[in-house]
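Beneath this line is the structure, given in structure tokens, with notes to follow.
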Amino acid sequence: MLAKTYSAAVVGIDAYPVEVEINATKAGEQSIVSIVGLADTAVKESRDRVKSALLSSGYKHPQGTTVVNLAPADLRKEGTAFDLPIALLMLAASGIIDRERLAETAMLGELALDGTVRSVRGVLPVVLRMRKEKQVRALLVPEPNAAEAALAAGDLPVFPVGRLQDAVDYFSGKPLLPYRAEALSEGETHARMPDFADVKGQSLAKRALEIAAAGSHNVLMIGPPGTGKTLLSSCLPGILPAMTLEETLETSRIHSVLGLLEPGRPLVNRRPFVSPHHTASDIGLIGGGKTPTPGTISRAHNGVLFLDELPEFKRSVLEVLRQPLESGQVSISRAGGNCTFPAKFLLVAAMNPCPCGMVGAHGCRCKPNEIRKYRGKISGPLLDRIDLHVEVSRLTEDELIKAPPGEPSASIRERVIAARQIQAKRFYDFGIYCNAHMAPRELRHFCKIDSKSEVLLRHAIQRFDLSPRAYDRILKVARTIADLAASPEISENHLYEAISYRNYDRSNW
């Protein structure tokens, strides 16, 4: 007997519809199940999981030969999400559930041996694809994934199933209520985040991070240990604008594929802050593997990537950042396929001025060649892609003991949002939303300077031996500083401040 239903395969962060069909014949007493359609080991092992789940739920396993086909056959199928559709198809082939209703439904879920339906990864991209394709009238998902699925399903009804019997009841005509998604609360987007009011002193670093947030510029902070570089970085997400619905779905899709969505939080509705250890590999950072999966930088998509102790990262690891810093995405080619993952993040890096971190102090014993070697781990091309180089100095006694509370993040965020609104209006017809993403065409159009500013820039090019990329970065930062001041034009003062954040360019590096 023939029967079919729908599921999906996740490749990278994209989902592709899969038609799951079965042909069961009752010839012979031996039970033989064959799964075809480029299925990996985890999919083929579903034969044993499905058999045990059926028996535990009080149903007989079909006798004879059963062929399960996963179409299209040239698309690789991985994971355990096909357990539920295969089990229900076997019941349909036995005449227990309605085949016509099964053919109008998509489903996914892993089966435990006792018939429990376990959660799976990648539900969000599957729902988005099923909603776009409009092939089915309903979607069955594991109970732990129901909230995640319902928030992206739109008009497509989502039915949660906790056990195999729940799915059988649905196809047998028994009422099963669809899951209703709850509206997200914007108030918790910036709740319980580190606040700039808790940071003593460091007014220069705070100003640089405000500029970085306003224009999405990359930042490098250089200073001795204990000066607050990590705390400053952790405060940055709190002054960024709230995520849009599009950004929320993009980021949540990546976290869904990686299985990183928090219980009770079906969507990522706050800016990610990702801080990998300096021992991370290049594959761990950008993604990859036999079947490419997103890496750490994709987890930071639409958020902040913080690299502490920057020179301690392997040189090869740092160099792979160059492409995503320019394009906002990373392309990976492997034997298992080619994937492009989004990786549009704000980079914040921190480092000591020397191996011991005490350069200029009485306790520093680093030799000049050791300092040059330490700083030389950061290449010129990577340094060019960092817009703001900021010195974070030690606090004075007065700052440490008597410092008044700093300006709260909420006040800084208001200025950042105002500057972002100016940029959104400016770039409405250009497909970008912040100054850091300007291409040469937009740069020429929106970053015009007068003769005095041109003389200043010429002097900076000679003084710092600036590359064309560093020159462009200065103009972008100056444009952001002007936006924070609500100035339609870039003045000489704006350029002075932008140039001051290139103190660690090649000539001084």
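May I ask you to list pairs of residues, at least six apart or on different chains, whose Cβ atoms are under 6 Å apart, with the first in region 1-27 being open to solvent by 70 Å² or more (accessible area, probe 1.4 Å) and the second being small (Gly, Ala, Ser) and modelled with pLDDT of 90 or more?
As it stands, the answer is Lys4/Ala103; Tyr16/Ala9, since those pairs meet every condition given.
Quick check on region 1-18: of everything there that is more than 29 Å from the chain's Cα centre (by Cα) and closer than 12 Å to Val68 by Cβ, which residue is modelled with the lowest pLDDT?
By that ranking, first place goes to Leu2.
Could you tell me whether region 314-325 includes any residue that is closer than 27 Å to Gly122 by Cβ, of a type in the set (Val, Ile, Thr) and under 11 Å from the mean Cα position of the chain (by Cα)?
no
From the list Ala349, Ala361, Ala335, exactly one residue is at pLDDT 90 or above and not charged (D, E, K, R). Which is it?
Going through Ala349, Ala361, Ala335 in turn, just one is at pLDDT 90 or above and not charged (D, E, K, R): Ala349.
Can you name the condition, by its number, that Leu176 falls short on among (1) assigned to a loop (DSSP other than H, G, I, E, B); (2) farther than 23 Å from Val123 by Cα?
Leu176 satisfies every listed condition except (2).
Would it be correct to say that Pro276 is outside any helix (DSSP H, G or I), touching a helix residue (DSSP H, G or I) at 6+ places or on another chain (Cβ under 6 Å), open to solvent by less than 30 Å² (accessible area, probe 1.4 Å) and under 21 Å from Leu151 (Cβ atoms)?
no
Cβ contacts < 6 Å: first residue touching a residue at least 40 places away in the same chain (Cβ under 8 Å), restricted to region 78-90; second residue of a type in the set (D, E, K, R) and part of a loop (DSSP other than H, G, I, E, B), any location; separation 6+ or different chain. Result?
Glu78/Asp40
Quick one: in region 451-472, which of the residues that are under 36 Å from the mean Cα position of the chain (by Cα) and open to solvent by 70 Å² or more (accessible area, probe 1.4 Å) is nearest to Pro488 (Cα to Cα)?
This residue is Tyr471.
Restricted to region 269-298, and to residues that are within 15 Å of Gly259 (Cα to Cα) and of a type in the set (Val, Ile, Thr), which residue is farthest from the chain's Cα centre (by Cα)?
Here the residue is Thr293.
If the Cβ limit is 9 Å and pairs must be 6+ apart or interchain, which residue in region 418-430 that is touching a residue at least 40 places away in the same chain (Cβ under 8 Å) pairs with which residue that is among the hydroxyl-bearing types (Ser, Thr, Tyr) and open to solvent by 50 Å² or more (accessible area, probe 1.4 Å)?
Taking only residues 6 or more apart or on different chains, the pairs are Arg420/Tyr433; Gln423/Tyr433.
Within region 179-191, is even one residue in contact with a strand residue (DSSP E or B) (Cβ under 8 Å, 6 or more places away or on another chain), on the phi < 0 side of the Ramachandran plot, among the acidic types (Asp, Glu) and open to solvent by 30 Å² or more (accessible area, probe 1.4 Å)?
Checked against the condition, which is being in contact with a strand residue (DSSP E or B) (Cβ under 8 Å, 6 or more places away or on another chain), on the phi < 0 side of the Ramachandran plot, among the acidic types (Asp, Glu) and open to solvent by 30 Å² or more (accessible area, probe 1.4 Å), region 179-191 yields no hits at all.
Which condition number does Ala436 fail, the rest of (1) open to solvent by 40 Å² or more (accessible area, probe 1.4 Å); (2) over 21 Å from Phe196 (Cα atoms); (3) among the aliphatic types (A, V, I, L, M) being met?
(1) is the only condition that Ala436 fails.
Looking at region 62-71 only, could you name the residues that are open to solvent by 10 Å² or more (accessible area, probe 1.4 Å) and over 37 Å from the mean Cα position of the chain (by Cα)?
Matches in region 62-71: Pro62, Gln63, Thr65, Val67.
Considering (1) touching a helix residue (DSSP H, G or I) at 6+ places or on another chain (Cβ under 7 Å); (2) modelled with pLDDT of 90 or more; (3) not basic (Lys, Arg), say which one Ser316 fails and leave the rest.
Among (1) touching a helix residue (DSSP H, G or I) at 6+ places or on another chain (Cβ under 7 Å); (2) modelled with pLDDT of 90 or more; (3) not basic (Lys, Arg), Ser316 violates only (2).
Looking only at residues that are touching a strand residue (DSSP E or B) at 6+ places or on another chain (Cβ under 8 Å) and either of a type in the set (A, V, I, L, M, F, W, C) or not in a loop (DSSP other than H, G, I, E, B) (or both) in region 379-425, which one is nearest to Ala197 (Cα to Cα)?
The residue in question is Val392.
Name the pairs: first residue in region 460-487 and of a type in the set (Phe, Trp, Tyr) and assigned to a helix (DSSP H, G or I), second residue exposed (fewer than 14 other Cβ atoms within 10 Å of the Cβ) and at pLDDT below 95, Cβ to Cβ under 6 Å, at least 6 apart or on different chains?
Pairs that qualify, where the first residue is of a type in the set (Phe, Trp, Tyr) and assigned to a helix (DSSP H, G or I) and the partner is exposed (fewer than 14 other Cβ atoms within 10 Å of the Cβ) and at pLDDT below 95, are Phe464/Ser507.
Being without any contact (Cβ under 8 Å) to a residue 60 or more places away in the chain, more than 22 Å from Glu143 (Cβ to Cβ) and crowded, with 21+ Cβ neighbours inside 10 Å is the filter here; which residues of region 245-270 pass it?
Thr251
Which members of region 349-378 meet the condition of being under 30 Å from His301 (Cα atoms) and either in contact (Cβ under 8 Å) with a residue 40 or more places away in the chain or part of a helix (DSSP H, G or I) (or both)?
Selection gives Ala349, Ala350, Met351, Asn352, Pro353, Tyr374, Arg375, Lys377, Ile378.
Is region 97-112 home to any residue that is among the aliphatic types (A, V, I, L, M), crowded, with 24+ Cβ neighbours inside 10 Å, under 26 Å from Ser31 (Cβ atoms) and without any contact (Cβ under 8 Å) to a residue 60 or more places away in the chain?
no
What single numbered condition from (1) in contact (Cβ under 8 Å) with a residue 24 or more places away in the chain; (2) open to solvent by 10 Å² or more (accessible area, probe 1.4 Å); (3) on the phi < 0 side of the Ramachandran plot; (4) touching a helix residue (DSSP H, G or I) at 6+ places or on another chain (Cβ under 9 Å) fails to hold for Lys448?
The number of the failed condition is (4).
Residues in region 19-47 that are assigned to a strand (DSSP E or B) and either touching a helix residue (DSSP H, G or I) at 6+ places or on another chain (Cβ under 9 Å) or modelled with pLDDT under 90 (or both): how many?
12
Find all pairs meeting these conditions: Cβ atoms under 6 angstrom apart; at least six residues apart or on different chains; first residue within region 215-228 and under 13 Å from Arg502 (Cβ atoms); second residue part of a loop (DSSP other than H, G, I, E, B).
Correct list of pairs: His217/Asp387; Asn218/Ile386; Asn218/Asp387; Leu220/Ile386; Ile222/Pro353.
Conditions tested, residue by residue: (1) surrounded by 23 or more Cβ atoms within 10 Å (Cβ to Cβ); (2) basic (Lys, Arg); (3) part of a helix (DSSP H, G or I).
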| site | (1), (2), (3) |
| --- | --- |
| Lys51 | no, yes, yes |
| Leu55 | no, no, yes |
| Ala73 | no, no, no |
| Pro85 | yes, no, yes |
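The values are calculated or read from the model by the stated rules, or taken from the named source; none is laboratory data. Small disclaimer: the values here were computed from a predicted structure and weren't measured. Counting neighbours? That spans all protein chains shown, and the Cβs are built from the backbone with ideal geometry, glycine included. With ligands, DNA and RNA removed, areas are computed over all heavy atoms of the protein, side chains included. Shrake-Rupley method; radii C 1.70, N 1.55, O 1.52, S 1.80 Å.
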